[in-house]
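The values are calculated or read from the model by the stated rules, or taken from the named source; none is laboratory data. Predicted model only: the values in this text are computed from it and were never measured. Using ideal geometry, Cβ is built from the backbone for each residue, glycine included, and neighbour counts are taken over all protein chains shown.
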Amino acid sequence: MVSEGHPQRFAPFVFPQRYELPLGPSQAAPREVRFLLGEDLALFDKGMNLELLIVRESRASRYRTNALAALLGLWSRSFSYRADAGSLLVRGGYVSCLPLLRAACDCIGAQRGLAEGDLHELADWLDAMSQSREHAALELGLGRYRAGARLAADDRLGAPYRVLTDLSMTHFGSTIFQVAPEADLQKIRIGFADTSFHLGWAQLILGWLLVLVSAQLETAANAGDTFAVSPEAKAQLAGLSSEVERALAKPDRCRVEELGDGRYLFHNVRRQPGGAPQRLLL
């Protein structure tokens, strides 16, 4: 389809046929992940494959518009960040998950901003594309766009975005929490590049993954007629959202609470399920 008012054509796109959890026999996922997080991982798998179903149904030429191109590109990035974070999670790469999840938040927030009235910024960027004679290069232009204000004010995404931003920065407290989670007033023992299982971190990251997969699906469903979201897909999304809420509401789950003064209180922090749950204030 020819883009509205622009010479570019939005060609048919490719996508994976299915998302596979990184728990196959060829992958060294620890037993703790399989047995302690299996239900949450299965829920994440369901959400990721529901995303692919909507993408598949949106490939018809009548959907290939500027709006779809703008949102689908950001959705692709969000999907990849979350898929990679899921792979890192099962290998104990908790530290590396945090910037990926923050970037996924940014991409979902930007999709919402575009869907809610900022598509003119994409049109301006398309108009500015040209061939640079000076550098003999296609000049795309950076096309700077962020929806930070919308993201921070978003009821669903704002809280994880704020804590993931602080955890991804080089702050002293967030660094120690990531590399020495058993630190106390007597000692700080750093586990350099440690990938051993930690139940608290695994629950936190998987909880954020579940929030983000739900938020991404809601973003697609609420983007008007940009995507082909069938009644069946909407019903699956409603069921998934309910399951995610139940999973996140379990009282023994590690979770983070914003205190309203720039600090975060982490509950049920422990390395193993038999360990005494601790609270940590950042």
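Return the residues of the range 159-178 that are among the polar types (S, T, N, Q) and either free of Cβ contacts under 8 Å to residues at least 24 places away in the same chain or in contact with a Lys or Arg (Cβ under 9 Å, 6 or more places away or on another chain) (or both); say none if nothing qualifies. If the condition is that a residue be among the polar types (S, T, N, Q) and either free of Cβ contacts under 8 Å to residues at least 24 places away in the same chain or in contact with a Lys or Arg (Cβ under 9 Å, 6 or more places away or on another chain) (or both), then THR165, SER168, THR170, THR175 are the ones that fit.
Conditions tested, residue by residue: (1) exposed (fewer than 15 other Cβ atoms within 10 Å of the Cβ); (2) touching a Leu at 6+ places or on another chain (Cβ under 7 Å); (3) modelled with pLDDT under 95.
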{"site": "PRO30", "(1), (2), (3)": "no, no, yes"}
{"site": "LEU43", "(1), (2), (3)": "no, yes, no"}
{"site": "LEU50", "(1), (2), (3)": "no, yes, no"}
{"site": "ILE54", "(1), (2), (3)": "no, no, no"}
{"site": "ARG82", "(1), (2), (3)": "no, yes, no"}
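Output yes when any residue across the range 68-89 is within 19 Å of ASP154 (Cα to Cα) and of a type in the set (Ser, Thr, Tyr), and no when none is. Checking the range 68-89: at least one residue is within 19 Å of ASP154 (Cα to Cα) and of a type in the set (Ser, Thr, Tyr).
Only a single item in (1) of a type in the set (A, V, I, L, M, F, W, C); (2) under 19 Å from TYR81 (Cα atoms); (3) touching a Phe, Trp or Tyr at 6+ places or on another chain (Cβ under 7 Å) is not met by ALA228, and it is number (2). If you go through the range 214-232 and keep only what is aliphatic (A, V, I, L, M) and over 10 Å from ARG112 (Cβ atoms), you end up with LEU217, ALA220, ALA221, ALA228, VAL229. Looking only at residues in the range 56-75 that are surrounded by fewer than 20 Cβ atoms within 10 Å (Cβ to Cβ) and free of Cβ contacts under 8 Å to residues at least 60 places away in the same chain, the one that is farthest from LEU212 (Cα to Cα) is ARG59.
Modelled with pLDDT of 95 or more, of a type in the set (D, E, K, R) and either in a helix (DSSP H, G or I) or under 23 Å from VAL55 (Cβ atoms) (or both), is that true of GLU257? Write out each step before concluding.
Numbers: modelled with pLDDT of 95 or more: yes; of a type in the set (D, E, K, R): yes; either in a helix (DSSP H, G or I) or under 23 Å from VAL55 (Cβ atoms) (or both): no.
When the stated conditions are applied, GLU257 does not pass them.
Every condition in (1) over 26 Å from VAL229 (Cα atoms); (2) touching a helix residue (DSSP H, G or I) at 6+ places or on another chain (Cβ under 7 Å); (3) modelled with pLDDT under 90 holds for LEU88 except the one numbered (3). If only residues of the range 214-263 that are closer than 23 Å to ALA152 by Cα and of a type in the set (Lys, Arg) are counted, the one that is surrounded by the fewest Cβ atoms within 10 Å (Cβ to Cβ) is ARG263.
I'd like to know if the range 240-247 contains one or more residues that are under 30 Å from THR65 (Cα atoms) and in contact (Cβ under 8 Å) with a residue 24 or more places away in the chain. Outline the logic, then answer.
Keep residues of the range 240-247 that are under 30 Å from THR65 (Cα atoms), which gives 240-241.
Subset that is in contact (Cβ under 8 Å) with a residue 24 or more places away in the chain: 240-241.
So far as the range 240-247 goes, yes, one or more of its residues are under 30 Å from THR65 (Cα atoms) and in contact (Cβ under 8 Å) with a residue 24 or more places away in the chain.
Just one residue in the set GLU218, GLU258 is in contact (Cβ under 8 Å) with a residue 60 or more places away in the chain and touching a Ser or Thr at 6+ places or on another chain (Cβ under 8 Å); that residue is GLU218. Name the single residue, out of those in the range 264-282 being under 25 Å from the mean Cα position of the chain (by Cα) and not in a loop (DSSP other than H, G, I, E, B), that is surrounded by the fewest Cβ atoms within 10 Å (Cβ to Cβ). Among them, the one singled out is LEU281.
I'd like the residue in the range 91-122 that is touching a Pro at 6+ places or on another chain (Cβ under 8 Å) and assigned to a helix (DSSP H, G or I) and, out of all such residues, is farthest from VAL33 (Cα to Cα). Result: CYS105.
Working carefully through the options ALA193, ALA149, find the one that is surrounded by fewer than 13 Cβ atoms within 10 Å (Cβ to Cβ), assigned to a helix (DSSP H, G or I), without any contact (Cβ under 8 Å) to a residue 40 or more places away in the chain and not basic (Lys, Arg).
Numbers: ALA193 fails: assigned to a helix (DSSP H, G or I).
After ruling out the rest, the residue left standing is ALA149.
For the range 123-146, a tally of residues being closer than 22 Å to ALA223 by Cβ, part of a loop (DSSP other than H, G, I, E, B) and in contact (Cβ under 8 Å) with a residue 40 or more places away in the chain returns 1.
Just the residues that are under 24 Å from GLN178 (Cβ atoms) and either among the polar types (S, T, N, Q) or part of a loop (DSSP other than H, G, I, E, B) (or both), please, taken from the range 229-254. Listed by number, the residues that qualify are LYS250, ASP252, ARG253, CYS254.
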